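Below: one structure, written as structure tokens.
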Amino acid sequence: MSDYQLDKEIEATRASELAVQPLILNRWSPRSFAEQSVLEKELLAILEAARWAPSCFNEQPWRFIVARTKPDLDRMRECLAEKNRSWADRAPMLIAVISAPDFALNGRPNRWNGFDAGTAWGYLALEANSRGLIAHAMGGFSQQKIREQFGVPEAWGIHAVVALGYRGPVAQLLPELQALEQPNDRRPLSELWAEGRFAFAPEKDGKA
């Protein structure tokens, strides 16, 4: 079965309550990466998409530290949690998503910097998907190690490390991860919005 056929089978497992763009519905975060390099023109196009994300006062506080040479990849891999390394070590590229803490406009604290960096990550992920690549953002990493290894100032936010590349065979994953190599669902739309006031059920075990 070709990767294209596999992708189509996976896409067919997701259904939205209302019609949305297929690019949004079918984006997910695989863990199985192929040993295939990403061309620079593809990387730059993906980062270009992130560049056009909206931000408070058009501040654009996000920055991306790209690791794609072996020395840089080795240093970034050392920052990852061991469980993530079991699959992310195969990714040909790792990208740290960081953001500036203050407005360049006036030097005051920018409390929206993480929100805006997250929006840029979303644009990056969608553009990657549109080009046949996969992007998986990880929270399992040591912020301090990234600061030490890549010279990130203490005040700057470090939000995620993104594995970027092409899909590989599921069989190369650890058995417990193979079962997870499929798109997950979402909460019902009715649980995510309320009109006019806070009206959300308390969280239990991470779910409403």
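With a ≥ b ≥ c taken as the square roots of the eigenvalues of the C-alpha gyration tensor of the range 104-159, please select rounded if a/c is under 1.5 and otherwise prolate if a/b is larger than b/c or oblate if it is not? It is oblate, given that a/c is not under 1.5 and a/b is not larger than b/c. 3J(HN,Hα) along the range 80-97, derived from phi through the Karplus expression 6.51 cos²θ - 1.76 cosθ + 1.60 where θ = phi - 60°, amounts to 7, 5, 4, 4, 5, 4, 4, 10, 6, 4, 7, 5, x, 8, 10, 10, 8, 9 Hz, with x in place of Gly and Pro. When the chymotrypsin sites (Phe, Trp or Tyr not before Pro) in the range 49-139 are filtered for DSSP coil states and for at most 10 other beta-carbon atoms within 10 Å of their beta-carbon, the remaining sites are Trp52. Mean separation of Cα pairs under 8 Å and 6 or more residues apart, divided by the residue count, gives the range 132-208 a relative contact order of 28 percent.
Comparing Gly118, Gly196, Gly165 in a Gaussian network model of the chain, where Cα atoms under 10 Å apart are tied by springs, the biggest mean-square fluctuation is seen for Gly196. Phi angles across the range 129-138 convert, under the Karplus curve 6.51 cos²θ - 1.76 cosθ + 1.60 with θ = phi - 60°, into 3J(HN,Hα) values of 4, 5, 9, x, 9, 10, 9, 10, 8, 10 Hz, Gly and Pro given as x.
Calculated on the alpha-carbon coordinates, the convex hull of the chain measures out at 161 cubic angstrom per residue. Would you mind classifying the range 35-75 by shape? Square roots of the alpha carbon gyration tensor eigenvalues, ordered a ≥ b ≥ c; an a/c under 1.5 is rounded, otherwise it is prolate if a/b is larger than b/c and oblate if not. The shape class here is oblate.
Evaluated with a Cβ-only charge set (Lys, Arg +1; Asp, Glu -1), the chain carries a dipole of roughly 220 debye about its Cα centre, given to the nearest 20. Put +1 on the Cβ of each Lys and Arg and -1 on the Cβ of each Asp and Glu in the chain; which of Trp52, Ala91, Ala179 then has its Cα farthest toward the positive end of the dipole? Value computed over the given set: Trp52. Excluding the sites themselves, what is the longest stretch of the chain that contains no trypsin sites (Lys or Arg not before Pro) in a DSSP loop with at most 10 other C-beta atoms within 10 Å? Result for the longest clean stretch: 1-110.
Size estimate for the range 116-192 follows the Kirkwood approach: the inverse of mean 1/r over distinct Cα pairs works out to 15.3 Å.
Coupling constants for the range 184-194 follow from the phi torsions by the Karplus curve (6.51 cos²θ - 1.76 cosθ + 1.60, θ = phi - 60°), and in residue order they are 8, 8, 10, 4, x, 4, 5, 7, 9, 9, 9 Hz; glycine and proline get x.
Comparing Pro61, Pro183, Pro22 in a Gaussian network model of the chain (Cα springs below 10 Å), the most mobile by mean-square fluctuation is Pro22. Loop-located GluC sites (Glu not before Pro) across the range 130-202 with a Cβ neighbour count of 13 or fewer within 10 Å are Glu154, Glu195, with loop assigned by DSSP.
Here is the list for the range 12-96: GluC sites (Glu not before Pro) lying in DSSP coil, each with at most 16 other C-beta atoms within 10 angstrom of its C-beta, are Glu17, Glu35, Glu78. Taking amide hydrogens as placed 1.01 Å from N in the peptide plane, the amide H of Tyr166 sits under 5 Å from those of Ala34, Gln36, Ile134, each at least 5 positions away in sequence or on another chain.
Averaging Cα coordinates gives a centre for the range 145-208 and one for the range 79-104; these two points are 13 Å apart.
Among Gln21, Gln144, Gln178, the largest mean-square fluctuation in a Gaussian network model of the chain, built with springs joining Cα atoms closer than 10 Å, belongs to Gln21.
Bear in mind that the values in this text are calculations on the coordinates, not laboratory data. Bear in mind the structure is a predicted one, so any value in this text is a computation, not a measurement. Positions of Cβ are generated from backbone atoms using ideal geometry, with glycine treated the same way; all protein chains shown enter the neighbour counts.
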